[in-house]
Amino acid sequence: MVKIDTDEMENGQVVADKLGGGGEGLPWVTILDSEGEELVNSTGPRGNVGCPVIEQERAYFIQMLEKTQQRNSADDLEALSKALESYAASL
């Protein structure tokens, strides 16, 4: 995981622009392969899912992980989904 600070990091804005997340809100997430190519990002059908608290945001976030998972099991994703649902309910 890498945080890109466009204000403080040299060339941070260049990297953010290359990844395509500029103006999407925070957090904006992209998952890259080992070659640095984007596999998926958090811009869903209705825009950036950010911190996924609304049901369709949570569903898209889980889809992102399903699409790119290498080690997570279905049980892991279900537990994460439930944790996000619980977090959303606490707001």
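The values are calculated or read from the model by the stated rules, or taken from the named source; none is laboratory data. Since this is a predicted model, take the numbers as computed values, not measurements. Cβ placement follows ideal geometry from the backbone for every residue including glycine, while neighbour counts extend to all protein chains displayed. When the accessible area is computed, the model is the full protein with side chains, heavy atoms only, and any ligands, DNA or RNA have been set aside. Shrake-Rupley method; radii C 1.70, N 1.55, O 1.52, S 1.80 Å.
Among residues belonging to the range 36-46 that are loosely packed, with under 11 Cβ neighbours inside 10 Å and over 18 Å from residue 69 (Cβ atoms), point out the one that is modelled with the lowest pLDDT. If we take residues in the range 36-46 being loosely packed, with under 11 Cβ neighbours inside 10 Å and over 18 Å from residue 69 (Cβ atoms), then 36 is modelled with the lowest pLDDT. Kindly check whether there is at least one residue in the range 6-20 that is within 25 Å of residue 70 (Cβ to Cβ) and in a loop (DSSP other than H, G, I, E, B). Yes: the range 6-20 contains one or more residues that are within 25 Å of residue 70 (Cβ to Cβ) and in a loop (DSSP other than H, G, I, E, B). In a residue-by-residue description of the range 42-63, the property of being under 14 Å from residue 29 (Cβ atoms), touching a strand residue (DSSP E or B) at 6+ places or on another chain (Cβ under 7 Å) and of a type in the set (A, V, I, L, M) applies to no position.
Pairing each residue of the range 51-79 that is farther than 19 Å from residue 32 by Cα with any residue that is modelled with pLDDT of 95 or more and assigned to a loop (DSSP other than H, G, I, E, B), provided the two are 6+ apart or on different chains, yields no C-beta distance under 8 Å. Of the residues making up the range 47-91, those that are surrounded by fewer than 13 Cβ atoms within 10 Å (Cβ to Cβ) and not aliphatic (A, V, I, L, M) number 14. If you go through the range 8-21 and keep only what is modelled with pLDDT under 85 and open to solvent by 50 Å² or more (accessible area, probe 1.4 Å), you end up with 13, 15, 17, 18.
The set of residues from the range 37-72 being assigned to a loop (DSSP other than H, G, I, E, B), of a type in the set (S, T, N, Q) and out of contact with any helix residue (DSSP H, G or I) (no Cβ under 9 Å at 6 or more places or on another chain) comprises just one member, 70.
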